[in-house]
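A quick write-up on the structure given underneath.
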Amino acid sequence: MANRLWSIYRKIYKLPKMARIEACSLCQLNCRDCYMRANDPRVVIGKGFLTLENFKKFIKLNPYIEYVELSLSGEIFLNPELTDIIKYSYEKGINLTAVNGVNFNTVSEEQIEALVKYQFMGITFSIDGTSSKSYEIYRRNGNFNQLISNIKKLNYYKEKYNSIYPLLEWQYILFKHNTNEIENIKSLGEELKIENIFFKEPWNGEVLISELDPKNKAIIENITENNKEYKELDNNTNICHQIYISPQINWNGEMLGCCCSIHNTIGINAFKYSLKKCINSKKMKYIKKVITGKKEADSSIFCHHCVYLENMKATNKYVNTCEIKFL
């Protein structure tokens, strides 16, 4: 009865079923283009991790939440309270994912077993190579062999518990140094029992899928066509939909808005106030007017220098709330 009433409440106030909470902004790697490793003073995310106590506060404030995405700027497995958060979510019927990406280099046996035992829903591994030589060029301080060993250990527990969870996905960022290994991706993915593989072009435009040689393009097309849920590159507005359907929250509770927001916060804490109050705050309402083309963005909001907003302006195609697919 209580769940049904909360469902009605959520629909009346157009509240999301899903939230994004950074589980840990710390990372043991030093990836070449990572904004968190650049020591940029404009980045407001800071360094820390989500505590079980704060996670419980958030769920208590928002009992209608059913899904939480935990990955963003850091490595979730460096959170010392992660196993407790996973167990608590399972007990509360909350589905957890880490599909924004994990490096999975440093993960304990306890954490790996917990992912399976407590039905963690899905994980995306960031693996930009099929060998130590190529992988560790971009993922500096990474250990390819340890990563592969950890995935195999995860599959061991999936077999032990006879579980399909977590569902596994592989993100492969294309660089000049790893395009020669594209032909190895499918076989390694099968060996690691990964359900889905998708490719991304780097932010610096170093490699474009359209400019690859025909052989590699054909391999990529074959892999993506055979995957049931191929993840395409985000269009201009998909990221902005997060404001409505899965708002991003920092590890310390500061409301960020979307996963691209690294230079500004909304100015309200989601561990102190309900999502209803957070997403209806003055600044959030202003952001919604900006991304729907009704207002110009000023420097007080993260949209001000956002490439997605620039693209929307250039194409005159802003967020259409009628097209947003609410969970």
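The values are calculated or read from the model by the stated rules, or taken from the named source; none is laboratory data. Note that the coordinates shown come from a computational prediction; the quantities given were computed from them, not determined experimentally. Every residue, glycine among them, receives a Cβ derived from its backbone with ideal geometry; neighbour counts consider all protein chains shown. Quick note on the areas: whole protein, heavy atoms, side chains included, nothing else; ligands and nucleic acids left out. Shrake-Rupley method; radii C 1.70, N 1.55, O 1.52, S 1.80 Å.
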Could you tell me which of the residues 92, 60, 56 is open to solvent by 10 Å² or more (accessible area, probe 1.4 Å) and either under 20 Å from residue 142 (Cβ atoms) or without any contact (Cβ under 8 Å) to a residue 12 or more places away in the chain (or both)? 60
Per the filter on region 144-177, residues farther than 17 Å from residue 34 by Cβ and of a type in the set (S, T, N, Q) are 145, 146, 149, 150, 155, 162, 163
Residue hits (region 26-69; assigned to a loop (DSSP other than H, G, I, E, B), at pLDDT 90 or above and of a type in the set (S, T, N, Q)) are 28, 30, 51, 62
For region 78-89, give me the residue count where each residue is assigned to a helix (DSSP H, G or I), touching a strand residue (DSSP E or B) at 6+ places or on another chain (Cβ under 7 Å) and either open to solvent by less than 10 Å² (accessible area, probe 1.4 Å) or within 14 Å of residue 250 (Cα to Cα) (or both). 2
Inter-residue pairs, beta-carbon under 8 Å, first touching a residue at least 24 places away in the same chain (Cβ under 8 Å) and in region 198-221, second open to solvent by 60 Å² or more (accessible area, probe 1.4 Å) and hydroxyl-bearing (Ser, Thr, Tyr), 6+ apart: 198/230
Checking the structure you have, find out if any residue of region 316-327 is aliphatic (A, V, I, L, M), over 22 Å from residue 98 (Cα atoms), surrounded by fewer than 21 Cβ atoms within 10 Å (Cβ to Cβ) and touching an Asp or Glu at 6+ places or on another chain (Cβ under 9 Å). no
Looking at region 95-120 only, could you name the residues that are touching a Leu at 6+ places or on another chain (Cβ under 6 Å) and in a loop (DSSP other than H, G, I, E, B)? 103, 104, 105, 120
Counting only residues in region 211-260 that are under 17 Å from residue 323 (Cβ atoms) and modelled with pLDDT of 90 or more, the one surrounded by the most Cβ atoms within 10 Å (Cβ to Cβ) is identified as 240
Of all residues in region 281-327 being hydroxyl-bearing (Ser, Thr, Tyr), in a helix (DSSP H, G or I) and within 13 Å of residue 243 (Cα to Cα), which is modelled with the highest pLDDT? 286
Among the residues of region 270-316, write down those that are touching a Gly at 6+ places or on another chain (Cβ under 9 Å) and over 30 Å from residue 50 (Cα atoms). 312, 313, 316
Restricting attention to region 109-119, does a residue exist that is surrounded by fewer than 18 Cβ atoms within 10 Å (Cβ to Cβ) and among the hydrophobic types (A, V, I, L, M, F, W, C)? no
From the list 288, 295, 272, exactly one residue is basic (Lys, Arg), more than 24 Å from residue 56 (Cβ to Cβ) and surrounded by fewer than 18 Cβ atoms within 10 Å (Cβ to Cβ). Which is it? 295
